[in-house]
Amino acid sequence: MKRYVNMMEAIVEEELAVLGDSLGCCMCPQCKSDIIAYALNHLPPRYVATQAGGAISKADSSRIQHVTDVRTAVVQAAQMVRENPRH
Ligand SMILES: [Zn+2]
């Protein structure tokens, strides 16, 4: 089992779920994946070692959430996908 994970993936997914319809973007699986991939390419990866069972410590997740403007990246990604949807 992999013992490390890029936490930014989960943070971007969560942010996308929070913003949801307010992005005015299609939310089909293809567009969602495109938004997440685009946002991740514009954010620094945040690798952390996982604990047993793949858990990430709460301290790690809240610290990282505050250092990067994830929301801006997701909004920009949604804009890009909205203009060039691939579905
Ligand atoms: Zn779509």
**Request:** Under 8 Å between Cβ atoms, at least 6 apart or on separate chains: pull out the pairs that start in the stretch 47-58 with a residue that is on the phi < 0 side of the Ramachandran plot and at pLDDT 85 or above and end on any residue that is open to solvent by less than 40 Å² (accessible area, probe 1.4 Å) and assigned to a helix (DSSP H, G or I).
**Result:** Y47/M7; V48/M7; V48/D60; V48/I64
**Request:** Please state which of the following conditions Q65 fails to meet, knowing it meets all the rest: (1) under 25 Å from M27 (Cβ atoms); (2) at pLDDT below 95; (3) exposed (fewer than 10 other Cβ atoms within 10 Å of the Cβ).
**Result:** (3)
**Message:** Go through the stretch 1-57 and report how many residues are in a loop (DSSP other than H, G, I, E, B) and of a type in the set (A, V, I, L, M).
**Reply:** 5
**Request:** Could you check how many residues of the stretch 8-38 are open to solvent by less than 50 Å² (accessible area, probe 1.4 Å), acidic (D, E) and more than 10 Å from the ligand (Cβ to nearest atom)?
**Result:** 1
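The values are calculated or read from the model by the stated rules, or taken from the named source; none is laboratory data. All values reported here derive from a predicted model rather than from experimental measurement. With ideal geometry, Cβ positions are generated from the backbone for all residues, glycine too; neighbour counts draw on all protein chains shown. Note: accessible area is taken over every heavy atom of the protein model, side chains too, but ligands, DNA and RNA are not part of it. Shrake-Rupley method; radii C 1.70, N 1.55, O 1.52, S 1.80 Å.
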